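Undergrad: Can you keep this structure in mind? I'll have questions shortly.
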Amino acid sequence: MLLTVLIVDDYAGFRQVARALLEADGIEVVGEAADGRSAISEAERLRPQLVLLDVQLPDLDGFEVAEMLGEASDPPAVVLTSSHAASSFRRRLAHSPARGFIAKGELSGEAVAALLA
């Protein structure tokens, strides 16, 4: 079954690169959002299996959005991402409902699949 993903990042350039990387690895990108509120509404509308979620967004931070997405009746898996290393967020990651974290420079379909396995 094809994995469906919603990409959430305030930087359009990253969304474009992430889409290309994931689609090249056979992952279907069903939508994009530029902020936390849009992420929540798009996740409800599109029902992706996974939300690739930037930690730093202009309205809500990614950890807050992950908590909100986790409250859905059939929540998507969430993978957080940032240009900063995971060590910058270690404590918050430990308490987050997210499946894991991928640094933006290490993003690939293979890295996403490994977190979902």
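The values are calculated or read from the model by the stated rules, or taken from the named source; none is laboratory data. Just so you know, these numbers come straight off a predicted model, no measurement behind them. Methodologically, a virtual Cβ is constructed for each residue, glycine included, from the backbone with ideal geometry; neighbour enumeration extends over all protein chains shown. Heavy atoms of the whole protein, side chains included, go into the accessibility calculation; ligands, DNA and RNA do not. Shrake-Rupley method; radii C 1.70, N 1.55, O 1.52, S 1.80 Å.
Undergrad: Looking at residue 40 and the list (1) in a helix (DSSP H, G or I); (2) closer than 19 Å to residue 116 by Cβ; (3) in contact with a Leu (Cβ under 7 Å, 6 or more places away or on another chain), which single condition is not satisfied?
TA: Here residue 40 meets the rest and fails (2).
Undergrad: Return only the number of the condition from (1) in contact with a Lys or Arg (Cβ under 6 Å, 6 or more places away or on another chain); (2) more than 20 Å from residue 56 (Cβ to Cβ) that residue 26 does not satisfy.
TA: Single failed check for residue 26: (1).
Undergrad: Okay, moving on. Considering region 5-31 alone, what residues qualify as being part of a loop (DSSP other than H, G, I, E, B) and over 14 Å from the mean Cα position of the chain (by Cα)?
TA: Passing the criteria: 25, 26.
Here's the yes/no breakdown for (1) touching a Ser or Thr at 6+ places or on another chain (Cβ under 6 Å); (2) buried (at least 16 other Cβ atoms within 10 Å of the Cβ):
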residue	(1), (2)
40	no, yes
49	yes, yes
66	yes, yes
80	no, yes
98	no, yes
107	no, yes
113	no, no
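Undergrad: I've got another one for you. Collect the residues in region 9-23 that are charged (D, E, K, R), open to solvent by 70 Å² or more (accessible area, probe 1.4 Å) and over 17 Å from residue 59 (Cβ atoms), keeping them in residue-number order.
TA: Within region 9-23, 23 is the sole residue that qualifies.
Undergrad: Let me ask something else about it. Specify which of the listed residues (44, 32) is open to solvent by 60 Å² or more (accessible area, probe 1.4 Å) and within 18 Å of residue 109 (Cα to Cα).
TA: The match here is 32.
Undergrad: Quick check on my filter: what residues within region 16-45 are in contact (Cβ under 8 Å) with a residue 40 or more places away in the chain and touching a helix residue (DSSP H, G or I) at 6+ places or on another chain (Cβ under 6 Å)?
TA: 22, 25, 27
Undergrad: Would you tally the residues in region 61-117 being free of Cβ contacts under 8 Å to residues at least 12 places away in the same chain and in a strand (DSSP E or B)?
TA: 0
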